[in-house]
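Participant: Questions regarding the structure given below will be posed in turn.
Here, each number is a calculation from the coordinates, and none is a lab measurement. Quick caveat: nothing in here was measured; it's all calculated off a predicted structure. All Cβ positions, even for glycine, are placed from backbone atoms using ideal geometry, and neighbour counts span all protein chains on display.
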Amino acid sequence: MRHAALLLLLSLAACHPRPATPAPPPPGLTTPPPGTEPAPGGTQGAPGGSTTGHPDGPPDGQSPASASGRPAGPAPARPVTLVVGGDVTVGYHYEEYFDAQVAQGRSREEMFAYGLREVMPIVDSGDLFVVNLECPYTDSTQKLPKNFNFKARPELVNVLTAGRVGVVSLANNHMMDYGAQGLLDTLTALEAARIPYFGAGRTLAEARRPALLDVGGQRIAFLGYFFLGSRNIEPPQVYATDTTPGVAGHFSDVEVMERMLREDIAAAKARADLVLPFFHWGIEGNTTPEPYQVRLAHAAIDAGAAGVLGSHPHVLQSMELYRGRPVLYSLGNFVFGGNWNPRDKRSVLWRARFDSTGYLSSDVLPLRTDRYPEFPVQPVPVTGAEAEGVMTLLRTASQAPGLERMLPALEAGEPGARPLPSSSVRGGE
């Protein structure tokens, strides 16, 4: 196999991340204001997050100056490392725990950092940290009628900044829990915090717009979609239309979803070195992907995506290497305030290396989502038997019929597979 096999728990050497900066506009276009960008095939619209830069980066559309005072040329491309996590809900129980701890004397700054504190050595080993943000940042009280509604106060966007999250997917079933106002408040909070986002917007064109980030001399395009096939119980208002806010995706038609996906990947590839779609899909609690997940993942790779990311089932699902490119059907829960004490606490961070040719290698870093009741809603790296349990789940799930062989080190008995992980990163009290 041309690509490197799954590398389990590479040493966490102190390689500090280089901040991702927004991609400049194509030649001949003027630089849009921060947080704005023309929609694919259209004219410049409302702020969308695609060009919202990292606060430590240069101003949008500018290059850092050289020591001589002249503008520096483009840095040569190098392999970049992405760290990717699953579902992040910093409202509900996270907000409840936050408030209780602050009432007992802990500082707000300490509690902003609490959720991601134990995984920061892993985050800092990469160039860009990517998660699914599964709650709106809003003070609205107008709920969308549905089974469960999540939200977080806008100040809790600081959980993302404290955790050095570099870009977030908004394409999920909870982003519209407080209607259009909740989404608009979320976009405002993220834009103020200079956190790029993708997968939702003020219109469907904006929701389909990629987040374009320059990382290590490479331009990476992120696309986000919410799709549950014929078993969708969410209200149709979750989805953006030509004139209303919402998330990207389709209510139930896989043909429409695949056509949208192929169009968006083709458009993004014209502007980026790497394209990575992030799906919210599958059946909650099911470790095996649905046939439509496999179809869409393979369609994305066939269309030129460098890999496919996934979330929603709240558990880990299969991982696959299709045509030499990785597919992660579900990364499971991460910082998930929707449940105090989840039954299944197995989770992972995925750390992957890409260069301008595409995927190079990756490693899976096993986590426990929480240590309730002492440390709720705080993922922590695990070792030994607990890590082995996570890897056993992934091995088993990844042998599902219809999937190409996953990265070899996940296959039981694969020749040359590395031992199960033992990490120097451990949870602290």
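Participant: What aspartates and glutamates sit close enough to Lys143 to cross-link, taking a C-alpha to C-alpha distance under 12 Å and skipping anything fewer than 8 places away on the same chain?
Facilitator: Asp177
Participant: Specify, per residue and in Å³, the volume enclosed by the convex hull of the alpha carbon atoms belonging to the stretch 104-202.
Facilitator: Cα-based convex hull of the stretch 104-202, divided per residue, equals 113 Å³.
Participant: Go ahead and collect, in residue order, the members of the stretch 130-149 whose backbone nitrogen is under 20 Å from a label point 7 Å along the Cα-Cβ direction of Thr188.
Facilitator: Residues 134-144 fall inside that zone.
Participant: Can you give the local net charge around Arg353? Use residues other than it whose beta-carbon is closer than 12 angstrom to its beta-carbon, Lys and Arg +1, Asp and Glu -1.
Facilitator: Value of the local net charge: -1.
Participant: If a paramagnetic tag sat 7 Å from the Cα of Gln181 along the Cα-Cβ line, which residues of the stretch 124-142 would have the backbone N under 19 Å from that point?
Facilitator: 135-142
Participant: Grab the beta carbon distance between Arg78 and Glu263, set R0 = 41 Å, and tell me the FRET efficiency rounded to 0.05.
Facilitator: It comes to 0.85.
Participant: In the stretch 280-318, whose amide N lies under 16 Å from the spot 7 Å out along Cα-to-Cβ of Phe148? List them in ranges.
Facilitator: Answer for this model: 280-287, 311-316.
Participant: Also, quick follow-up: Charges on Cβ only, +1 for Lys and Arg, -1 for Asp and Glu, centred on the Cα centroid of the stretch 80-410; of Gln378, Pro277, Tyr359, which one is farthest towards the dipole's positive end?
Facilitator: Tyr359
Participant: Let me ask something additional. Rule-of-thumb check for the stretch 80-410: C-alpha Rg over 2.2 N^0.38 Å?
Facilitator: 0.91
Participant: Taking the simple approach of a point 7 Å from Cα along Cα-to-Cβ for both Thr244 and Met120, what is their distance in nm?
Facilitator: 4.3 nm
Participant: Label Val256 and Thr396 with points 7 Å out from Cα along Cα→Cβ: what is the distance between them in nm?
Facilitator: With each label point 7 Å from Cα toward Cβ, the separation is 3.8 nm.
Participant: Could you work out the Kirkwood radius for the stretch 204-347, taking every pair of different alpha carbons, averaging 1/r and inverting it, reported in Å?
Facilitator: 15.7 Å
Participant: Mind sorting Trp340, Trp281 by how few other Cβ atoms lie within 10 Å of their own Cβ, fewest first?
Facilitator: Starting with the residue having the fewest Cβ neighbours, the order is Trp340, Trp281.
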